[in-house]
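Structure first, then comments.
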Amino acid sequence: MRGLGFFGAMSALCLTLGAAGAAELPDPIAFLQGRDAQAQAIVKQAPTGPLPPALRQELDHHINEVFDFGELSRLALGAEWDKHTAAERQRFVEVFGAIIREKNYTSFLRYYREGKTTYQDQKVEGERATVHAAVPLKQENVTIGYLLRASQGQWRVYDLIIDGASTADGYQRQYSRYLLKHPYDQLIQQLGKQLDGLRQVKN
């Protein structure tokens with residue numbers, strides 16, 4: 001590839017990979033480390049205090065674009081998922097996913113500012129992967145298990161295991177108990193109120 005220059009060489013390499021077949025998924029730990037490095041670069045522009053609106057929006061998008069909110073929503077709703085129409089499911093994904101986005105932003109901003117994530121091990125089984133990590137914070141050490149699945153040639157996070165507790169399982173138990181006493185529409189209303197409260201706190 002001498003004489004092509006960097007971008008020419010990269011284009012030729014991509015064509016070669018394409019001719020050989022579909023590109024393989026990236027190494028899960030390397031994928032997450034790369035995402036962390038990009039996030040840290042954003043956070044370093046405002047190392048303390050609330051991020052300016054433009055940086056906050058950039059970081060929010062960067063954190064959450066790798067999450068599979070559809071799958072996480074399905075797991076969080078459990079058996080209730082199959083009882084509803086496609087439109088009702090989509091509404092749940094929109095509201096519940098927005099709640100998780102808000103919580104992700106708050107949690108990961110803290111992780112990026114207080115500690116450096118150490119990725120300990122990974123297990124890849126076809127189009128599923130599990131990565132274990134540790135985040136030493138100022139007053140505690142947090143362990144994170146990332147559950148990932150392949151989607152459109154990229155890894156997507158569909159659950160987080162924080163200090164041994166599954167995000168999806170925790171919400172599934174909470175919502176199941178709630179739905180024993182209240183109608184589904186009321187659950188959606190409560191989630192909407194919760195989302196409004198989270199957005200007010202962030203702003």
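Laboratory data are not the source of any read-out in this text; all were calculated from the coordinates shown. Here the structure is a predicted model, which means the values were calculated and not measured. Positions of Cβ are backbone-derived with ideal geometry, glycine not excepted, and every protein chain shown enters the neighbour counts.
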Give me the distance in nm between label points sitting 7 Å out from Cα along the Cα-to-Cβ direction at K123 and Q189, one decimal.
4.3
Could you line up R128, R35 from fewest to most neighbouring Cβ atoms inside 10 Å?
R128, R35
Residue-averaged 222 nm ellipticity for the chain, from DSSP H runs of 4+ at -39500 (n - 2.57), nearest 500:
-18500 deg cm²/dmol
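Given Cα pairs under 8 Å that are at least 6 residues apart, what percent is the relative contact order of the range 103-178? Could you put the intermediate results ahead of the total?
Details: 113 pairs, mean separation 13.8, N = 76.
Relative contact order of the range 103-178: 18 percent.
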Just grab the label-to-label distance for N141 and D27, each label 7 Å out from Cα along the Cβ direction, in nm (one decimal).
2.4
From the backbone phi of the range 168-178, what are the Karplus-calculated ³J(HN,Hα) couplings (6.51 cos²θ - 1.76 cosθ + 1.60, θ = phi - 60°) in whole Hz, Gly and Pro given as x?
4, 5, x, 5, 4, 5, 4, 6, 4, 5, 4
Put in order of increasing Cβ neighbours within 10 Å, starting from the fewest, E88, E80 give E88, E80
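Normalised by the residues of the chain, what does the relative contact order come to in percent, with Cα pairs under 8 Å and at least six apart? All intermediate terms of the calculation are to be shown ahead of the outcome.
Values: 218 pairs, mean separation 41.1, N = 203.
For the chain, the relative contact order is 20 percent.
For a test of understanding, tell me how many lysine pairs in the chain have Cα atoms under 16 Å apart, given they are 8 or more places apart or on different chains.
So the count of such lysine pairs works out to 5.
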Among W155, W81, what is the fewest-to-most ranking by other Cβ atoms within 10 Å?
W81, W155
